[in-house]
Structures are given as C-alpha cells and as structure tokens.
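Student: For reference, the structure I am asking about is given below.
The values are calculated or read from the model by the stated rules, or taken from the named source; none is laboratory data. This is a predicted model, so every value here is computed, not measured. Virtual Cβ from ideal backbone geometry, glycine too; neighbours counted across all protein chains shown.
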Amino acid sequence: MGVRIVQQVLYLEVADRLRAMIQGGVLVAGSWVDEVRLTAELGISRTPLREALKVLVADGLLRLEPRRGCFVNELSARDLDDIFPLMAMLEGRCAFEAANKATAADLQRLEPLHKKLQVYAAAADIDRYYATNALIHEAVQALADNHWLSDLIDRQRKVLGLSRHKSLAFPGRIDESCAEHLAIFAALKARDPEGAEILTRKHLMRQLAALHAMAERARALPDPVSDLSPLQHPATKRRLANGHY
C-alpha cells in the first residue's frame, strides 16, 4: 500500500513539473515530447512519466498521436473563441460571489498582490506579472467559496495556460491588464457584485482580443523566406553548394 501511494505522488509531481514546463515555454506548443530526454532530465523511470503524460492529455495540454507519441497542444483561434467566453462567464461569477462573501480581512490580504502587480506592470516584467496575476485570480476564486464553480474553472485554466501568458506580450496589454485588475479590486472592496462580475468578464474578453490582435499582426509580417529572391532562398543555396546547378 505504501509503495502505491509514493508512486502516485511521484507521477502527480511529474505532471506538475511538465505543466510548468509547458506554461513556461520550455515545452513549446506543437512540439513532440521526447520521453527519453525527459526521463533523464527529471531522473525518473518511464512509468511515472507516462502516467503523468496521461494526466496532461486528460487536461488538454497534450495530445497523443498513434505511433508518433505525445505532442504539446496548440490552441486554435476556434478553441480560444470557444473557451474564453466560457471562462469569462465562470470567473465573472466568481467575482460576483467573492464581492458578496469576502470579509474586510480577506480583501486586505489581496492588497500586497495588487501592489506587486503594479510594480511588475511598470517594469514590463511579464513573467512575474503573470505569476502574480494568476495568484489574484486564484484568490478571488477561493473567496467565492464555491467548489462546483472552482472545479469548472480549474479545468479551463489548465488549458488556457497554453496561451494566457502570450497576451501580455502584446504592446500595452500588460498596463491595460493591470488597470482592469485594479478596477475589479475596487469593485470587490465597494461590495459591488454586479460591477465586479462585469469588469471580470471584460478583463477575460480583452485577453482574447489581445491574442487575436497578436495573431493578426503575425500574419501581416512578411515571410523572411518567401520574400527572398530565388538565388537567396536557402534551398537554392544548398543546391548551388552541392553543384546541382
């Protein structure tokens, strides 16, 4: 019995490590998961790794392709359009319930997080901002004190970890996000559940808008390969070097 418990804890710990690697960009969206390399890096056997991979497949962070292995999922524009409105509705309801249930002491404990958020936004420190932003979302969720709601949000949040961090890289988005959080916090302190809900929904939908804007800007950028003249193209250069012309 004791061995099974240790083994279960191990694969869950591995799943947490892999989740952090995906959200941190170490395991890139669309990339193949090299099990041999990961077992060596993490110092584990294949069994807990494969159990951990199953967890992340169930979470939607990975996909399993027959005879090819596991790949880090990529969220399509359709996925984002499906998930973000749902998340906005769920987190909006969290803010509504938190405004009704939170005590003055609860809200006081959120003050330091919002101060840190402002510092990181001013410094354009995306990584620290993102981490603090996540803590605030989780804190509001806890204040809502609704485990049914939390279960739904947790599942969507794991999947959105594939893209949420990216939206902060859009010009001006980190400052907008910070202002939105401060407005939500003000509504919570004012005991304005409707206002907190509306502001939270807008906050989530503006993240979606930033991701769409980033995708549009990327599509508008010239392709450095396709814009080359035939003689400049890498394939042509290789053929010339090999004497094929």
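Student: When you go through V6, V28 one by one, which is the residue that is farther than 30 Å from A215 by Cα and at pLDDT below 90?
Tutor: Answer to the selection: V6.
Student: Now, a different point. Do we find that A134 is in contact (Cβ under 8 Å) with a residue 40 or more places away in the chain, touching a helix residue (DSSP H, G or I) at 6+ places or on another chain (Cβ under 9 Å), under 30 Å from A29 (Cα atoms) and among the small types (G, A, S) in this structure?
Tutor: The answer is no for A134.
Student: In the list H203, H181, H212, which residue meets the criterion of being surrounded by fewer than 21 Cβ atoms within 10 Å (Cβ to Cβ) and either at pLDDT below 95 or closer than 30 Å to E138 by Cβ (or both)?
Tutor: H212
Student: So is G161 small (G, A, S), closer than 23 Å to E74 by Cβ and either buried (at least 21 other Cβ atoms within 10 Å of the Cβ) or within 21 Å of the chain's Cα centre (by Cα) (or both) or not?
Tutor: Yes; evaluated as a whole, the condition is true for this residue.
Student: Given the condition in contact with a Ser or Thr (Cβ under 7 Å, 6 or more places away or on another chain), over 30 Å from A183 (Cβ atoms) and either β-branched (V, I, T) or at pLDDT below 95 (or both), answer yes or no: does some residue in the range 79-95 qualify?
Tutor: Looking for residues that are in contact with a Ser or Thr (Cβ under 7 Å, 6 or more places away or on another chain), over 30 Å from A183 (Cβ atoms) and either β-branched (V, I, T) or at pLDDT below 95 (or both), one finds none in the range 79-95, hence no.
Student: If you don't mind, another one. Within the range 40-74, which residues are surrounded by fewer than 18 Cβ atoms within 10 Å (Cβ to Cβ) and part of a loop (DSSP other than H, G, I, E, B)?
Tutor: Those that are surrounded by fewer than 18 Cβ atoms within 10 Å (Cβ to Cβ) and part of a loop (DSSP other than H, G, I, E, B): G43, I44, S45, P66, R67, R68, E74.
Student: Moving on to the next point. Can you find even one residue in the range 155-164 that is in the same structural domain as E111 (by TED's automatic domain parsing), farther than 20 Å from A104 by Cβ and modelled with pLDDT of 95 or more?
Tutor: no
Student: Here's another thing I want to ask about it. Scan the range 110-148 residue by residue and report those that are of a type in the set (A, V, I, L, M, F, W, C), in a helix (DSSP H, G or I) and closer than 21 Å to E97 by Cα.
Tutor: Answer for the range 110-148, where residues must be of a type in the set (A, V, I, L, M, F, W, C), in a helix (DSSP H, G or I) and closer than 21 Å to E97 by Cα: L113, A134, L135, I136, A139, V140, A142, L143, A144, W148.
Student: Let me ask another. Can you tell me which residue is farthest from A196 (Cα to Cα) among those in the range 80-103 that are of a type outside the set (A, V, I, L, M, F, W, C) and touching a residue at least 24 places away in the same chain (Cβ under 8 Å)?
Tutor: Among those residues, the one meeting the criterion is D81.
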